[in-house]
Amino acid sequence: MAASRLPAIYQWPEYAAEGALIGYGPTQAQISRLVAELIDRVLKGVSPAELPVLRPTKFELAINLKTAKALGLSVPPTLLARAGEVIE
């Protein structure tokens with residue numbers, strides 16, 4: 001990330017809070033809920049072969065402005081307006 005001075009985008013929005021420039025994707029909490037739903041069905045006796053493929057339905061964008069500043073980047077206001085979370 002900042003150690004190599006390369007901007008990076010990660011698949012989990014939570015990574016922006018850890019120093020990534022941008023995180024975009026489903027939250028880990030949403031993925032955990034989907035997995036828990038599948039586990040619940042298996043424990044209730046549904047055959048794993050009969051389980052549907054579940055995909056996340058909500059994607060979130062998180063931007064870390066502190067990392068952007070450290071990398072000498074400016075983030076366009078239109079991108080900031082779309083972000084669900086902006087870390088300053």
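The values are calculated or read from the model by the stated rules, or taken from the named source; none is laboratory data. These figures come from a predicted structure and were not determined experimentally. FYI the Cβ positions are ideal-geometry reconstructions off the backbone, even for glycines, and counts take in every protein chain you see.
Scanning segment 2-30 for residues that are among the charged types (D, E, K, R) and more than 16 Å from the chain's Cα centre (by Cα) returns a single hit, Arg5. Listed by position, the helices (runs of 4 or more DSSP H) enclosed by the chain that each have at least 2 residues that are touching a residue at least 40 places away in the same chain (Cβ under 8 Å) and surrounded by 13 or more Cβ atoms within 10 Å (Cβ to Cβ) are 65-70.
Is it fair to say Ser32 is farther than 29 Å from Val86 by Cβ and out of contact with any Pro (no Cβ under 9 Å at 6 or more places or on another chain)? No, not satisfied. Exactly one residue out of Arg33, Arg41 is under 16 Å from the mean Cα position of the chain (by Cα), among the basic types (Lys, Arg) and at pLDDT 90 or above: that is Arg33.
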